[in-house]
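Notes for the one structure printed next.
The values are calculated or read from the model by the stated rules, or taken from the named source; none is laboratory data. None of these values were measured; they are calculated from a predicted model. Please note: Cβ atoms are built from the backbone with ideal geometry, for glycine as well, and neighbour counts cover all protein chains shown. We work out accessible area using only protein heavy atoms, side chains counted, and drop any ligands, DNA or RNA first. Shrake-Rupley method; radii C 1.70, N 1.55, O 1.52, S 1.80 Å.
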Amino acid sequence: MEMQKKLYLETFGCQMNVSDSEKIVGLMQGIGYVETKDSTQADLILLNTCSIRAKAEQKVYGHLGKFKSLKESRPGLIIGVGGCVAQQEGEKLLKRAPFVNLVFGTHNLHQLQDMVRGAEAGRRSSATDFIDDEARFDLFLPQGREGGVSRFVTVMQGCDNFCAYCIVPHVRGREISRSAAKIVDEVRQLTASGVTEVTLLGQNVNSYAAKNPGEPDFADLLRLVAELDGVKRLRFTTSHPKDMSQRLIDCFAEIPKLAPHIHLPAQSGSDRVLKAMNRGYTAEQYLAKVTALKKACPQIQFTGDMIVGFPGETEEDFLATLDLIQEVQYADLFSFIYSARPGTAAAMLPDLTDPAEKQARLERLQVLQKKVTLERNQSLVGTVQQVLVEGLSSSGECLFGRTGGNRATLLAGDLALSGQLVEVKVVEGLQTLLKAELL
Ligand code: 5AD
Ligand code: SF4
């Protein structure tokens, strides 16, 4: 019998990459590879890369260096690079790293089986063309990994927004939406295998099917998925504030299965910076959406993303960002120092702020957010929440789950509750999690 070949796959970056990696596992299973967690055992190493900030990109090169020495000791080893760095670098990566066998971009997963077979036969290749014909639906392949309680389902890919700092439209291409029928099919299959929570995933889900006449819009897609019996809880990410319609806001009042949480990145609280970022809204307009969401769903929890040190950001601009954080009261916030990305509009702007000043702003922002997060977690003490039990906690001592508002929660209980929505009372609010008791 032929020995099974082993795949070691490492994933960097956002949920879209995690989702693509699941498809990669399925594709590689189709040509005889099983996944291993031990890179030294691998016949095939694939890196699914991220280029959102310079640091993420540097990490990829660090890892490649490590695998170079592995290849020196195992010459038959095949090394492939995919995802956003691959899309950005293309052929250049093959030249720069002679030990790399294949480079595949964000629209080229459907070519991966042939490329790996080619590498097995000694050929090196690169494929980074964007797809803009009917074959683009190949971007939405089925997932290859199984199990779990909560899974992502891709509904659209790419982005048409061109925020001045962002490389995503350059490495992921224009917005493409998947048909609602295919999405519903995939959700059905997942729930049949025991999944109870589904997160609909896209770079900008609010504009789902905006270019597909005849398809439901995102609000109607949420209703379609919520109608499926196996779905106990529904989430979506990510939303662009400018495209957050009242129809979508109303869903939080009207669809009981829709979890009371929204990730709504503001990026800045300064109108001047928002304009320079090409975000398409003012702080006041952003706050009006927040208010409408709180009205539709009083228990809703907000999370977001913020960038500090965008070119030209002054102390006054930065203070406006702190004000916005105070006003929204985010449950949690991801914050980043601006990083110039090749080919983006902002990369052309003079960036004169001292790096130490940017670092100081990031720290000030994070101190404020930590305080807000702790206060919010403490304010939940005594409330009743619905927790979806995901399994054992990392210490193995109790159960781990998430509230509808997406707060990590620990509770005592039987592992058999995994996959179930249970009612709990919050007994303690800590910095990074809640402790709760089953009701
Ligand atoms: N520099 C810093 N942060 C960035 N993000 C996107 N591009 C950049 C960049 N060039 C952040 C945004 C986005 C999140 C995923 O990453 O906040 O919402
Ligand atoms: Fe990037 Fe803006 Fe598109 Fe988000 S909406 S992926 S920040 S360009």
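Laid out as a table, the results:
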item	result
Condition met for GLY396 (in a loop (DSSP other than H, G, I, E, B), in contact (Cβ under 8 Å) with a residue 60 or more places away in the chain and outside the structural domain of ARG279 (by the TED database))	no
Helices (runs of 4 or more DSSP H) fully within the stretch 18-129 counting 1 or more residues that are β-branched (Val, Ile, Thr)	54-73, 84-89, 112-120
Check on TYR330, assigned by the TED database to the domain that holds LEU365 and within 16 Å of ligand 2 (Cβ to nearest atom)	no
Candidates VAL187, VAL85 - the one that is closer than 30 Å to GLY312 by Cα and touching a helix residue (DSSP H, G or I) at 6+ places or on another chain (Cβ under 6 Å)	VAL85
Residue match in the stretch 341-362 (condition: open to solvent by less than 20 Å² (accessible area, probe 1.4 Å), more than 16 Å from ligand 1 (Cβ to nearest atom) and assigned to a loop (DSSP other than H, G, I, E, B))	no
So ILE45, is it open to solvent by less than 70 Å² (accessible area, probe 1.4 Å), away from ligand 1 (no atom under 16 Å from the Cβ), under 19 Å from SER126 (Cβ atoms) and in contact with a Ser or Thr (Cβ under 7 Å, 6 or more places away or on another chain)	yes
Sole exception among (1) in contact with a helix residue (DSSP H, G or I) (Cβ under 6 Å, 6 or more places away or on another chain); (2) modelled with pLDDT under 90; (3) under 17 Å from LEU9 (Cα atoms) for ASN101, by number	(2)
Spans of helices (runs of 4 or more DSSP H) in the stretch 150-259 with at least 1 residues touching a residue at least 60 places away in the same chain (Cβ under 8 Å), crowded, with 21+ Cβ neighbours inside 10 Å and within 11 Å of ligand 2 (Cβ to nearest atom)	168-172
Among residues of the stretch 315-340, those that are buried (at least 16 other Cβ atoms within 10 Å of the Cβ), within 12 Å of ligand 1 (Cβ to nearest atom) and in a loop (DSSP other than H, G, I, E, B), counted	2
Test: residue in the stretch 83-92 that is buried (at least 19 other Cβ atoms within 10 Å of the Cβ) and basic (Lys, Arg)	no
Some residue of the stretch 142-149 being within 16 Å of ligand 2 (Cβ to nearest atom) and at pLDDT 90 or above	no
Per-region count, the stretch 410-433, residues touching a Ser or Thr at 6+ places or on another chain (Cβ under 6 Å) and modelled with pLDDT of 95 or more	2
Counted residues, the stretch 390-405 - those being surrounded by 18 or more Cβ atoms within 10 Å (Cβ to Cβ) and at positive phi	0
